[in-house]
Amino acid sequence: LRDFPKMAEIAHRYGMVIDADLSERSAVLFGLDLHDFKAFKKMGVDYARLDYGFTDQDIVMASNNEEGIVVELNAVFATDKWLGKLIEMGANKENLHFCHNYYPMRYTGMTEEELRAANEVIHRYGFKVGGFIPSKTHMRDACAIGLPTAERWREMDTHTVIQEAFMFGLDDVFF
């Protein structure tokens, strides 16, 4: 916690944004209040990915935070019913963003059809969605096979993967 604001300041200086996973486990570990967006802003957080354990009411409240922190949700859970419910409950659409997971284990990534279907629902509600493509040079030590959202991208050429990512409906691409 001591070093995080310094790191965020350097990242911001270079035009980067800080996208932090928030979970009950990490909150307990770091002694944070998951509803205190002023503290997260002070730390330098720009996007707050709400991990497992948040209720729909928590999401609505977070999306209406006064600090301008964008709330990021797991894109795999996006359905017409759920997104409609969040909006009906008063979620701030301008402050919601979606991002798919990355899948470190072979054969666990999404299929093309799953990815397209989720992205279509998200776009229908006017939201943006991000996803991951695998790095070919800086692989995660534990698996050494890249961290893609779509399984088919695991072994493909990076240029082709980037083109497909946008063709399949991603707005943001992360390595």
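The values are calculated or read from the model by the stated rules, or taken from the named source; none is laboratory data. This one's a predicted model, so the numbers in the text were calculated from it and none came from an experiment. Cβ sites come from the backbone with ideal geometry, for glycine too, and all protein chains shown count toward neighbours. Ligands, DNA and RNA are excluded from the accessible area calculation, which covers all protein heavy atoms including side chains. Shrake-Rupley method; radii C 1.70, N 1.55, O 1.52, S 1.80 Å.
A straight chain from D33 to F77 at 0.36 nm per residue would run longer than the Cα-Cα distance by 13.4 nm. The modelled label-to-label distance for the pair D3/R25, using points 7 Å beyond Cα in the direction of Cβ, is 2.1 nm. Can you compute the charge dipole magnitude of the chain about its Cα centre, using +1 on each Lys and Arg Cβ and -1 on each Asp and Glu Cβ, nothing else charged? Give it in debye, rounded to the nearest 20. Once rounded to the nearest 20, the dipole reads 300 debye.
Please report the orientation-averaged projected area of the stretch 90-175, defined via the convex hull of its C-alpha atoms, in nm². Mind dumping the intermediate values first?
Working: hull surface 23.7 nm².
Averaged projected hull area, Cα only: 5.9 nm².
Got the relative contact order for the stretch 38-122 handy, in percent, Cα pairs under 8 Å and 6 or more residues apart? Don't jump to the answer; show the numbers that get you there.
On the way: 90 pairs, mean separation 26.0, N = 85.
After rounding, I find 31 percent.
When only Cα pairs under 8 Å and 6 or more residues apart are kept, what is the percent relative contact order across the chain?
Numbers: 281 pairs, mean separation 28.7, N = 175.
That works out to 16 percent.
Springs between Cα atoms under 10 Å define the GNM used for the chain, and in it the highest mean-square fluctuation of Y47, Y103, Y125 occurs at Y125.
When the listed pairs K38/K93; K41/K128; K93/K136; K42/K128; K85/K136 are checked against a 31 Å cut-off, the alpha-carbon distance exceeds it for K93/K136; K85/K136.
Out of the total accessible area of the stretch 40-162 (probe 1.4 Å, heavy atoms of protein only), what percent is carbon and sulfur? Working shown, then result.
Working: 3390 of 6330 Å².
Ligands and nucleic acids excluded, carbon and sulfur give 54 percent.
Within the stretch 45-73, find all residues whose amide N lies under 17 Å from a label point positioned 7 Å from the Cα of R13 along Cα-to-beta-carbon. Those under the cut-off are 45.
Sketch the reach of a paramagnetic label on Y52 as a point 7 Å from Cα along Cα-to-Cβ, and name the residues of the stretch 68-107 whose backbone nitrogen lies under 13 Å away. Counting only backbone N, you get no residues.
For the stretch 81-143, the per residue solvent-accessible surface stands at 58 Å², with DNA, RNA and ligands left out and a 1.4 Å probe. Under the simplified labelling scheme, the I162-H123 pair shows an inter-label distance of 2.0 nm, with each label point 7 Å from Cα along Cα→Cβ. Coordinate range of the alpha-carbon atoms in the stretch 1-98 per principal axis, descending: 40, 29, 24 Å.
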